[in-house]
Amino acid sequence: MDRNEFRRELAQQLRVDSVRCSAAAGSGHPTSSMSAAELMAVLLDGHLCLDLDNPNDPRGDHLVFSKGHASPLYYSCLKAAGAIDDAELLSYRKHGSRLEGHPTPVLPWVDVATGSLGQGLPIAVGLALCAERLDRLPARAWALCGDSELSEGSIWEAFDHASFERLDNLIAIVDVNRLGQTGETMHGWDLDLYAGRARAFGWEAIEVDGHDVEAIEEAFARATSTSGRPTVVLARTKKGAGVEEVEDQPGKHGKPLEDPERAIEQLGGERDLRVQVAGPEGGGERHRFEPPGGESPRFDVGEEVPTRKAYGQALKALGDVRGDVVALDGEVSNSTYSELFRDAHPERYFEMYIAEQQMIAAAVGMQRRGWKPFASTFAAFLSRAYDFVRMAAVSRANLRLCGSHAGVSIGEDGPSQMGLEDLAAFRAVHSSTVLYPCDANQTVRLVELMADRDGISYLRTHRGGTPVIYGPEERFEIGGSRTLRDGDDVTLVAAGVTLHEALAAAERLAEDGLRARVIDLYSVKPADVPALGRAAAETSAIVTAEDHWPEGGLGDAVLSALAEAGESARVRKLAVRDMPGSGKSEELLREAGIDAEAIASAARELVGAASLA
Ligand SMILES: Cc1ncc(C[n+]2csc(CCOP(=O)(O)OP(=O)(O)O)c2C)c(N)n1
């Protein structure tokens, strides 16, 4: 069998195995797999450079199935390459199998989870960027995309960013099979239109018949020798190619074939071909940055410092002592203060411009290659990338995120700039950590803790200055809290800006003869269940105050902790309930009913001592 014949046969095997495993599962996307069979056969046989026995070798390529629903094809490729056996292939989608409905890093060859369309290409941009600028190794990132997937805005963030960064180690393969889930895509088989767009973005664009192995070979050879810009291979294909009953037919997406036996027959029957995927050759150590050394910033008690500024200083200092820390920002580095890191460590700083999805995707790619990315923007704008954060959790990614300008306390800029749902959003992410410092020294310690924290860690910072209340030697733990004032009549729980309001409220209550306990819940998730449980048992009245909507934030974290502790208390949740406008920080805190006066009166009411006022 000559090489072209082998590749054609391999493609048929990939189709047959996609049909077989979907039939065994009773679900899956065989037709989406069948269109890209020749593309993957040629890629595996001669272009992909990956040691399947050592998928973490930093010299190896990445293969990201951006169209993650074509998982039958991906798993059939793994079988053809000898990474999994036929029995495992047929466990596809069964409970307990590593071969989930869409690929996840439960399998060692899967870099990142896909299945939410529009994410694989931006993550591949991050992998390519990381290989080029951080590791400085010739690893490539290949992304297989669907054509319907190209409607996602995040795909065009990726197109823009990849050419700006001149990523010639990035190759996108688009399986233009004309059909999406429910019908034809916007542009059908108009490959010229896609090519025009890609070229306008600064990419090399190659149009090809996606079922012609010789043409694909030429396209990949050209793609891998293009320098100075990324390449997209636009392949005209037929969905369900090779099986009459489904080929290029609408209504056949996401279902196993009705007559798999007949389909396998039409495809020439089962085969057991093995493809040798070439591993990376030659030496090549990943680049390491020599940290210059330095000390953590220290702030004097009583100084007024915005926590966002302390974040920037802490991050810069972390970069001074650790070469593996990198930073990304969404074109607001002079607001989040990540510019301090940028100025000190320019080679480890990535300006992601106003493309928050691409920013998170790039961070996911970088952490996959062993770096420790910190990504920052306004808390409000991180919400644009929420699905990327959700999927990062499915990828078991270790990400550190910072959202600045939280809450109404930002003042004059108004509600479009206020992060008021971030605590809820990040608490809801699987195995996340949510931290919310009230002063500069605490911010520094929490940023240091984030560096070695697994999973998705989120730090919430404020725009305005808050007084430093903790000395620079104080230590904090994730999952801990600080009881700043003891008292048995009522407990006030707060964090960030409202912690200072709670302390002022406690002073006012003391004047009334009420002894308030004040808890700084800087670790919103995991929350300090024992301390909150004790507070409920000993004071039986709790007021929570947060610069956040009432749903899902600090107050709800306290209620969950009480449920977990098996304690109950009368709880009053103070939070922002009406749409804020512009104004001074104090005015907006007062209007929202989360300032010292509001906290004190809620406490008085709750303990039934309003008459003392
Ligand atoms: C963000 C997102 N929206 C919707 C879906 C549901 N979905 C799964 S596959 C698909 C169609 C994809 O078409 P295309 O990208 O052309 O791939 P094909 O299956 O045709 O190869 C849709 C809408 C999804 N997985 N992700």
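Identify, please: which residue in segment 369-387 is open to solvent by 10 Å² or more (accessible area, probe 1.4 Å) and not basic (Lys, Arg) and is, among those, farthest from LEU446 (Cα to Cα)?
ASP387
Please determine whether any residue of segment 422-440 is touching a Ser or Thr at 6+ places or on another chain (Cβ under 9 Å), among the polar types (S, T, N, Q) and assigned to a loop (DSSP other than H, G, I, E, B).
Within segment 422-440, one or more residues are touching a Ser or Thr at 6+ places or on another chain (Cβ under 9 Å), among the polar types (S, T, N, Q) and assigned to a loop (DSSP other than H, G, I, E, B).
Yes or no: LEU193 over 21 Å from LEU43 (Cα atoms), touching a residue at least 40 places away in the same chain (Cβ under 8 Å) and within 16 Å of the ligand (Cβ to nearest atom)? Give the derivation first.
On the way: over 21 Å from LEU43 (Cα atoms): yes; touching a residue at least 40 places away in the same chain (Cβ under 8 Å): no; within 16 Å of the ligand (Cβ to nearest atom): yes.
When the stated conditions are applied, LEU193 does not pass them.
May I ask you to list the residues in segment 313-332 that are touching a Phe, Trp or Tyr at 6+ places or on another chain (Cβ under 8 Å), open to solvent by less than 10 Å² (accessible area, probe 1.4 Å) and part of a helix (DSSP H, G or I)?
LEU315, GLY319, listed by residue number.
Pull out all pairs, ordered by first then second residue, where Cβ-Cβ is under 6 Å, the residues are six or more apart or on different chains, the first lies in segment 87-104 and is hydrophobic (A, V, I, L, M, F, W, C), and the second is in a loop (DSSP other than H, G, I, E, B).
LEU99/SER91; LEU99/TYR92
Residues checked against (1) buried (at least 24 other Cβ atoms within 10 Å of the Cβ); (2) within 16 Å of the ligand (Cβ to nearest atom); (3) at pLDDT below 95:
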| site | (1), (2), (3) |
| --- | --- |
| PRO103 | yes, yes, no |
| VAL106 | no, no, no |
| VAL112 | yes, yes, no |
| LEU117 | no, yes, no |
| LEU121 | yes, yes, no |
| LEU127 | yes, no, no |
| CYS130 | yes, no, no |
| LEU137 | no, no, no |
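Which residues, taken from segment 534-560, are buried (at least 19 other Cβ atoms within 10 Å of the Cβ) and assigned to a helix (DSSP H, G or I)?
ALA535, ALA536, THR539, LEU554, GLY555, ASP556, ALA557, VAL558
State which residue is farthest from GLY60 (Cα to Cα) when the search covers only segment 339-359 and only residues that are touching a strand residue (DSSP E or B) at 6+ places or on another chain (Cβ under 8 Å) and in contact (Cβ under 8 Å) with a residue 40 or more places away in the chain.
HIS345
Residue check: is ARG93 more than 16 Å from the ligand (Cβ to nearest atom) and either open to solvent by 10 Å² or more (accessible area, probe 1.4 Å) or on the phi > 0 side of the Ramachandran plot (or both)?
On the way: more than 16 Å from the ligand (Cβ to nearest atom): no; either open to solvent by 10 Å² or more (accessible area, probe 1.4 Å) or on the phi > 0 side of the Ramachandran plot (or both): yes.
In short, no.
Being more than 25 Å from ILE469 (Cα to Cα) and in contact with a Gly (Cβ under 8 Å, 6 or more places away or on another chain), is that true of even one residue in segment 431-449?
So far as segment 431-449 goes, yes, one or more of its residues are more than 25 Å from ILE469 (Cα to Cα) and in contact with a Gly (Cβ under 8 Å, 6 or more places away or on another chain).
Report every pair of residues separated by at least 6 positions or lying on different chains whose Cβ atoms are under 6 Å apart, first residue within segment 133-159 and more than 28 Å from ASP190 (Cβ to Cβ), second hydrophobic (A, V, I, L, M, F, W, C) and open to solvent by less than 10 Å² (accessible area, probe 1.4 Å).
Final answer for the pair search is LEU137/ALA131; ALA139/ALA131.
Going by what's in this entry, would GLU605 be described as free of Cβ contacts under 8 Å to residues at least 12 places away in the same chain and in a helix (DSSP H, G or I)?
no
Mind listing just one residue for me: the one in segment 76-89 that is open to solvent by 30 Å² or more (accessible area, probe 1.4 Å) and in contact with a Leu (Cβ under 9 Å, 6 or more places away or on another chain) and, of those, nearest to the ligand (Cβ to nearest atom)?
GLU88
Six or more apart or on different chains, Cβ atoms under 8 Å: show the pairs whose first residue is in segment 163-178 and under 30 Å from GLY251 (Cα atoms) and whose second is open to solvent by 30 Å² or more (accessible area, probe 1.4 Å) and within 16 Å of the ligand (Cβ to nearest atom).
Listed pairs, sorted by first residue: VAL176/TRP189; VAL176/ARG236; ASN177/LYS238; ASN177/ASP248; ARG178/GLU184; ARG178/TRP189; ARG178/LYS238; ARG178/ASP248.
Is there a residue being more than 27 Å from LEU401 (Cα to Cα), touching a residue at least 40 places away in the same chain (Cβ under 8 Å) and assigned to a loop (DSSP other than H, G, I, E, B) anywhere in segment 472-487?
Looking for residues that are more than 27 Å from LEU401 (Cα to Cα), touching a residue at least 40 places away in the same chain (Cβ under 8 Å) and assigned to a loop (DSSP other than H, G, I, E, B), one finds at least one in segment 472-487, hence yes.
Just name the residue that is nearest to TYR349 (Cα to Cα) out of those in segment 158-180 that are within 9 Å of the ligand (Cβ to nearest atom) and surrounded by fewer than 24 Cβ atoms within 10 Å (Cβ to Cβ).
GLY180
Quick check on VAL232: is it within 16 Å of the ligand (Cβ to nearest atom), among the β-branched types (Val, Ile, Thr) and within 24 Å of ALA37 (Cα to Cα)?
yes
On the basis of being under 23 Å from GLU38 (Cα atoms), part of a helix (DSSP H, G or I) and within 15 Å of the ligand (Cβ to nearest atom), does LEU73 make the cut?
On the way: under 23 Å from GLU38 (Cα atoms): yes; part of a helix (DSSP H, G or I): yes; within 15 Å of the ligand (Cβ to nearest atom): yes.
Criteria met by LEU73.
What's the number of the only condition in (1) buried (at least 19 other Cβ atoms within 10 Å of the Cβ); (2) over 13 Å from LEU509 (Cβ atoms); (3) over 35 Å from the mean Cα position of the chain (by Cα) that LEU574 fails to meet?
Evaluating LEU574 over (1) buried (at least 19 other Cβ atoms within 10 Å of the Cβ); (2) over 13 Å from LEU509 (Cβ atoms); (3) over 35 Å from the mean Cα position of the chain (by Cα) leaves (3) as the failure.
Can you tell me which condition PHE299 does not meet? The list is (1) crowded, with 24+ Cβ neighbours inside 10 Å; (2) part of a loop (DSSP other than H, G, I, E, B), and all the others hold.
Status for PHE299: all satisfied but (1).
If you go through segment 450-472 one residue at a time, how many are touching a Phe, Trp or Tyr at 6+ places or on another chain (Cβ under 6 Å) and surrounded by fewer than 24 Cβ atoms within 10 Å (Cβ to Cβ)?
Result for segment 450-472: 1.
Tally up the residues in segment 388-399 that are without any contact (Cβ under 8 Å) to a residue 60 or more places away in the chain and either within 16 Å of the ligand (Cβ to nearest atom) or buried (at least 24 other Cβ atoms within 10 Å of the Cβ) (or both), please.
Total meeting the criteria: 1.
With the requirement that a residue be aliphatic (A, V, I, L, M) and either part of a strand (DSSP E or B) or away from the ligand (no atom under 14 Å from the Cβ) (or both), what does segment 141-157 give you? Can you show your working first?
Going through segment 141-157, the residues aliphatic (A, V, I, L, M) turn out to be 141, 143-144, 150, 155.
Hits for segment 141-157 are ALA141, ALA143, LEU144.
Of the numbered conditions (1) away from the ligand (no atom under 13 Å from the Cβ); (2) over 30 Å from GLN12 (Cβ atoms), VAL208 satisfies every one except a single condition; which is it?
Condition not satisfied by VAL208: (2).
Looking at GLY294, GLY282 in this structure, which one is surrounded by fewer than 16 Cβ atoms within 10 Å (Cβ to Cβ), modelled with pLDDT under 95 and at positive phi?
GLY282
Those residues that are in contact with a strand residue (DSSP E or B) (Cβ under 9 Å, 6 or more places away or on another chain) and more than 16 Å from the ligand (Cβ to nearest atom), I need them from segment 249-279; list them, please. Let's see the steps before the verdict.
Taking segment 249-279 first, the residues in contact with a strand residue (DSSP E or B) (Cβ under 9 Å, 6 or more places away or on another chain) are 249-250, 252-253, 277-279.
Result: VAL277, ALA278, GLY279.
The values are calculated or read from the model by the stated rules, or taken from the named source; none is laboratory data. Computed from a predicted structure; not experimentally measured. All Cβ positions, glycine included, derive from the backbone under ideal geometry; neighbour counts span all protein chains shown. Heads up: the accessible areas ignore ligands, DNA and RNA and are worked out on the full protein's heavy atoms, side chains in. Shrake-Rupley method; radii C 1.70, N 1.55, O 1.52, S 1.80 Å.
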